[in-house]
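As structure tokens, the structure follows; a few thoughts come after it.
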Amino acid sequence: MVVSTWLRKLKRHSNGWNILSVIGAFVALLPSVYIAIGLFRFPNENWQHIKDYLLLDYALQSLWLVLGTGTCTVLIGVALAWLTAAYEFPLRRFFTWAFVLPLAIPPYIAAYTYGNMLSYTGSVQIFMRNVLGWTPNQAYFDIMSIKGAIFIFSLFLFPYVYLITKTFLERQSASFIENARLLGKGPLYIFFRVVLPLSQAAIIGGVSLVAFEVLNDYGVSKYFGIQSFTTAIFQTWFGMYDVDSAMRLAALLMSFIVGVFVIERLIRRRKKYHASTSKSSPLSRRKLRGIPAIIVVIFSCLIVSLSFLIPVIQLIVWATWTYKDVMNAQFWGLISNTLLISLVSIIVLMLFAVIVANVCRSQRSIFTLVLSKLISSGYSIPGAVLSIGVLAIFISLDERLSGIYEKLGWGADKLVLSMSLLMLIFAYVIRFLAVGFNSVEAGFDKIGNRYSEASRLLGLGMTRTFFKVDFPLIKGAVFTGCILAFMEIVKELPLTLLLRPFNFDTLATKAYQYASDEQIHQASVPSLFIIAVGMISVFFYYWLGERNSK
């Protein structure tokens, strides 16, 4: 009787949407499983050397990067979020949008831009020597260190903390702050005793994204000579040609990230604040005048200049010197490669995102909760780690298909799948599936279930209901997911470097190659294209957010 009941439930829920969702979750989890298995393999001599002499250094330098960047992004992001959410000052609307623009600049591009600008032959020191007649101490301008990396990461990753904290303050903290104001409390008291405790969960959520981005980075650490976990994986893989040891490093890094993720979830679950009434009103902003307004505007201009205007202007100047040499037929091939791989990945990615989000929306259960977590897990895994798991999967597939390759006359040892664009697309889909899923899920949450339930009561199936009722209502959320995923894929470096086929370059890999070869001026042209894509994406994201909030 129990078995028959279970079979009936399974049959009722076994539609195409559920099956595709399970397949997507399984595929998303598979690389992590392959990496975890690497911990149980018998270690080789290289691993013993890494463990005895290098592993502690990798861990400490990665930890310092995360802690330093996390602290600085909190200081910058929370301060800007509070100022733009709680106060009215000159150019506030402009700064509200401009503070998001640093997300358009990948940190590795910012690293070599600032590294060259601040060098002895860079524009800053040349200006000081030739115009001001002052030869500065070189120690003040040396950013090729952990401190310099923290400076770069903080300037270009703080928008994660800023956006999440600002959204929380505007939508959920109004009643608490207004009550404190009515009690006569001053701005500093409200900020430290009300705003910070209220925003802990939002701040931790933003810092966790910053930590994932820092641990995912390869370009900044490599250019600044920092021995982080990600650079160690690259060196072990390409320097020692030791995939087993690289997989062990990847497994250790993934274990650390899982620990960070679990701690972050536990903290956020225990730090929840609810308004005493179901009615919520936006936070009323107080107008700043006089010296306070001037100080806020100067501080905002400084942040926007350092995190966006200065590096972009410098890149534009360099591009005017080198664009004739760089923008040739090969360069347009880079653009077509980037667009091709991005568009194909986005189509597959958004297809699975929509399917899984629709299943999670229509069936509230433990199954869909686990499904959503599995689908979103790829974004928290660094690209260098994920690439090892993906490579292991495709090499295993090639080994199993060797008999078919031999019959086709390709040779039994032929690597077909693991040397193709399919592997890179597969990795992109897993890595950024969470970006599309979160956007679509937010769209479903906004429209609710009443329209779809009415359609189902009228006899339409799940598929027809989606295309006739749901999709017209969530197409804005789907478009947002496409924009964000496109921006992430275009600027992604570690995955592309490790998994791209031979002789296949994108704008990101070409910019990195130029910078690695000390051709910084030539790297400006592909870098500007990447930044332009990011700026357009940020603009559309902000425009859609403003439109949906009305």
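The values are calculated or read from the model by the stated rules, or taken from the named source; none is laboratory data. This structure is a prediction, so every number in the text was calculated from the model and none was measured. Cβ placement follows ideal geometry from the backbone for every residue including glycine, while neighbour counts extend to all protein chains displayed. All accessible areas refer to the heavy atoms of the entire protein, side chains included, with ligands and DNA or RNA removed. Shrake-Rupley method; radii C 1.70, N 1.55, O 1.52, S 1.80 Å.
A single member of Ile393, Ile425, Ile404, Ile430 is open to solvent by 40 Å² or more (accessible area, probe 1.4 Å) and not aromatic (Phe, Trp, Tyr), and it is Ile404. Of the residues making up the range 199-215, just one is over 14 Å from Gly70 (Cα atoms) and open to solvent by 10 Å² or more (accessible area, probe 1.4 Å), namely Ala201. Check whether at least one residue in the range 44-63 is modelled with pLDDT of 90 or more and over 30 Å from Ser516 (Cα atoms), and report yes or no. There is no residue in the range 44-63 that is modelled with pLDDT of 90 or more and over 30 Å from Ser516 (Cα atoms). Taken over the range 167-221, residues that are more than 30 Å from the chain's Cα centre (by Cα), of a type in the set (A, V, I, L, M, F, W, C) and in a helix (DSSP H, G or I) amount to 6. Scanning the range 487-510 for residues that are assigned to a helix (DSSP H, G or I) and more than 25 Å from Leu433 (Cβ to Cβ) returns a single hit, Lys510. Out of everything in the range 444-470 that is under 16 Å from Leu351 (Cα atoms) and touching a residue at least 60 places away in the same chain (Cβ under 8 Å), what residue ends up being most open to solvent (accessible area, probe 1.4 Å)? Only one residue tops the list, namely Thr463. Selection within the range 239-255: residues that are open to solvent by 20 Å² or more (accessible area, probe 1.4 Å) and in a helix (DSSP H, G or I). The member of this set that is nearest to Glu45 (Cα to Cα) is Asp244. Out of everything in the range 454-470 that is among the hydrophobic types (A, V, I, L, M, F, W, C) and in a loop (DSSP other than H, G, I, E, B), what residue ends up being nearest to the chain's Cα centre (by Cα)? Result: Leu460. Checking each residue of the range 522-540 against the condition of being out of contact with any helix residue (DSSP H, G or I) (no Cβ under 6 Å at 6 or more places or on another chain), modelled with pLDDT under 90 and surrounded by 14 or more Cβ atoms within 10 Å (Cβ to Cβ) gives at least one match. Of all the numbered requirements in (1) in a helix (DSSP H, G or I); (2) among the aliphatic types (A, V, I, L, M); (3) open to solvent by 50 Å² or more (accessible area, probe 1.4 Å), Leu415 misses one, and that requirement is (1).
Exactly one residue among Ala353, Ala357 is under 21 Å from the mean Cα position of the chain (by Cα), open to solvent by less than 40 Å² (accessible area, probe 1.4 Å) and over 27 Å from Leu499 (Cα atoms), and that residue is Ala357. Between Leu7, Leu39, the distinction of being in a helix (DSSP H, G or I), open to solvent by 50 Å² or more (accessible area, probe 1.4 Å), under 22 Å from Asp244 (Cα atoms) and modelled with pLDDT under 75 belongs to Leu39 only. Taking the criterion of being without any contact (Cβ under 8 Å) to a residue 12 or more places away in the chain, aliphatic (A, V, I, L, M) and either part of a helix (DSSP H, G or I) or in contact with a strand residue (DSSP E or B) (Cβ under 8 Å, 6 or more places away or on another chain) (or both), the residues of the range 111-143 that qualify are Ile126, Met128, Ala139. Whenever a residue of the range 299-310 is in contact (Cβ under 8 Å) with a residue 40 or more places away in the chain and open to solvent by less than 60 Å² (accessible area, probe 1.4 Å), its partners that are of a type outside the set (Phe, Trp, Tyr) and not in a helix (DSSP H, G or I), lying with C-beta atoms within less than 9 angstrom and at least six residues away or across chains, give the pairs Ser300/Leu91; Ser307/Ile105; Phe308/Ile105.
The residue pairs whose first member lies in the range 388-409 and is of a type in the set (D, E, K, R), whose second member is at pLDDT below 85 and open to solvent by 60 Å² or more (accessible area, probe 1.4 Å), and whose beta carbons are closer than 6 Å, counting only pairs six or more residues apart or on different chains, are Asp398/Leu415. Looking at the structure I just gave you, is Ile425 in a helix (DSSP H, G or I) and at pLDDT below 85? For Ile425, the condition - in a helix (DSSP H, G or I) and at pLDDT below 85 - is not met.
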